[in-house]
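The values are calculated or read from the model by the stated rules, or taken from the named source; none is laboratory data. Since we're looking at a predicted model, the values are computed, not measured. Every residue, glycine among them, receives a Cβ derived from its backbone with ideal geometry; neighbour counts consider all protein chains shown. We work out accessible area using only protein heavy atoms, side chains counted, and drop any ligands, DNA or RNA first. Shrake-Rupley method; radii C 1.70, N 1.55, O 1.52, S 1.80 Å.
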Amino acid sequence: MLRLRGVGKTYIEYPGFHHRLLSWFGIQTSRLKRHVILEDINLTLERGDAIAFVGQNGAGKSTLLKLITGILAPSDGTIEVAGKISAILELGMGFNGDFSGRENARNTLSIMGYHPEEIDRVMPELQAFSEVGEYFDQPVRIYSSGMQMRVAFAVATAFQPEILIIDEALSVGDAYFQHKSFARIRELQKQGTTLLIVSHDKQAIQSICNRAILLDQGRIAKEGKPIEVMDYYNALIAAKSNAEIQTKPTTDGGLQTISGDGRAQISNIKLYNSQGVETDELRVGELATLALEIEVKQPIDQLVCGFMLKERFGQVIFGTNTWFSEQVLDDLKVDEPLRLEIQFEAKLGVGSYSCTLALTGGATHLQDNYYWIDLALVFKVLNLDKTEFIGTNWLDPQFTIQRG
């Protein structure tokens, strides 16, 4: 269990040493500069929770994790921790470069409070999991960053912790070891370990976390389901001084995020099947048409329309826009009528899917975000005439079998 109540972290900049000296006696002057890193953080985590912290650089994510692990002391509030914490807050976990991976593993586990006999017992498995081979007995200073991460992760998960904290470290590893690490994390979750992770990997967050927390300027800006928080974060990144972010509940209990400065808007969205009939159900492989009506509210130099398909957990199946298809519209006038059709074959697995739509001024929504809407349209895919298969994509494979 982990509980934070009114937690804050402030650093004070002293003009000179005598000002610092006076502060030791409780005397502070108005010349002191206060840098608020975190403010009024309230959070409760129960056994088995998996929480992702997201936010732009400088939002306070790493500082918050350091407060939870006890590396830093809070300036305000209280932190209650029940259970052993295992954390990777930086690459190598503070390993000594002149010591071997084995020696660093022993030292780190000893500092964490494990008995030498316990360490001896897990060392073979730890070495095997890290897969650094003979380098395990070589100085860490000759390791690559990926090798350091392998050993650090193996050490952090050698024993099941009550709380596992990971700050971006897994982004260093290769794809194979990332898969292996997330499999280990899921194992620990099933056994009751609470996970706190800082990552910009949307797919990883949505696959292993049940909650996400968006930090912005040292405060909790949003908390909820990973897909909803990540959609809001995506809109926040694109937001300019004159842009707005709205959230609206959907009929199925989801949360729709709409952002942009409104210079262009999508006024109507319809989905048609291969027969030209409006629908919310498609057959596997069926040719579908997404029809959009766009309103131009202000003169626009260039307009790009994009769309993404997401499966029900929010993972992106496919996305592109008219920038990449070289169909950018130029010199648009106010109230100029626009109708856009997007045709695609629904080579998708059985299930529910959603469309995200965007109107921008360039290749991404980071450049002139006019209108962005998540969950713009939700539809189902049904398998009525294909052989049975699983997954989110229909590939129509052909088997060739030879005997003898």
Problem set entry | Theoretical FRET efficiency, 1/(1+(r/R0)^6), r = Cβ-Cβ of residue 134 and residue 56, R0 41 Å, to 0.05 | 0.50
Exercise. Relative contact order for the range 304-404 using alpha-carbon pairs under 8 Å, separation at least 6, rounded to a whole percent?
Worked result: 29
For this session: Might you work out the accessible area of residue 123 for me, using a 1.4 Å probe with all protein chains in place, and round it to the nearest 10 Å²?
Result: 0
Exercise. Taking 0.36 nm per intervening residue step and subtracting the Cα-Cα distance, what contour gain separates residue 145 from residue 200 on full extension?
Worked result: 17.9 nm
For this session: Grab the DSSP H runs of the chain that are 4 residues or longer, score each as -39,500 (n - 2.57), total them, divide by all residues and round the 222 nm result to the nearest 500 deg cm²/dmol.
Result: -7000 deg cm²/dmol
Seminar exercise, completed: One finds, for residue 176 and residue 333 with R0 = 60 angstrom and r their Cβ-Cβ distance, a FRET efficiency to the nearest 0.05 of 0.70
Exercise. The range 109-258: D in µm²/s via Stokes-Einstein (Kirkwood Rh, Cα pairs, 4 °C, 1.567 mPa s)?
Worked result: 73
Exercise. How much net charge surrounds residue 147 when only other residues with a Cβ under 12 Å from its Cβ are counted (Lys, Arg +1; Asp, Glu -1)?
Worked result: -1
Seminar exercise, completed: With a 1.4 angstrom probe the carbon and sulfur portion of accessible area for the chain, in percent, totals 48
Problem set entry | Principal axes of the range 265-325: Cα extent on each, largest first, Å | 40, 27, 22
For this session: Take the cross-link list 84/190; 310/386; 225/380; 61/84 and give me the ones stretching past 24 Å between alpha-carbons.
Result: none
Seminar exercise, completed: Summed over the other residues with a beta carbon less than 14 angstrom from that of residue 53, with K and R at +1 and D and E at -1, the charge totals 0
Exercise. Over the C-alpha atoms of the range 33-151, what are the Rg and the largest Cα-to-Cα span, Dmax, in Å?
Worked result: 17.3, 51
For this session: Report the full-extension gain for the segment residue 382 to residue 287: residue separation times 0.36 nm, less the Cα-Cα distance, to one decimal in nm.
Result: 32.9 nm
Exercise. If the cut-off is 16 Å between C-alpha atoms, which aspartates and glutamates fall inside it for residue 297, apart from same-chain ones fewer than 8 positions away?
Worked result: 244, 261, 330, 331, 335, 336, 368
Exercise. Any idea of the accessible area per residue across the chain, 1.4 Å probe, to the nearest Å²?
Worked result: 52
Exercise. For the range 302-393, taking Cα atoms only, what is the radius of gyration to one decimal and the Dmax to the nearest whole Å?
Worked result: 15.4, 50
Problem set entry | Potential lengthening between residue 247 and residue 219 on full extension [0.36 nm per residue; Cα-Cα distance subtracted] | 8.2 nm
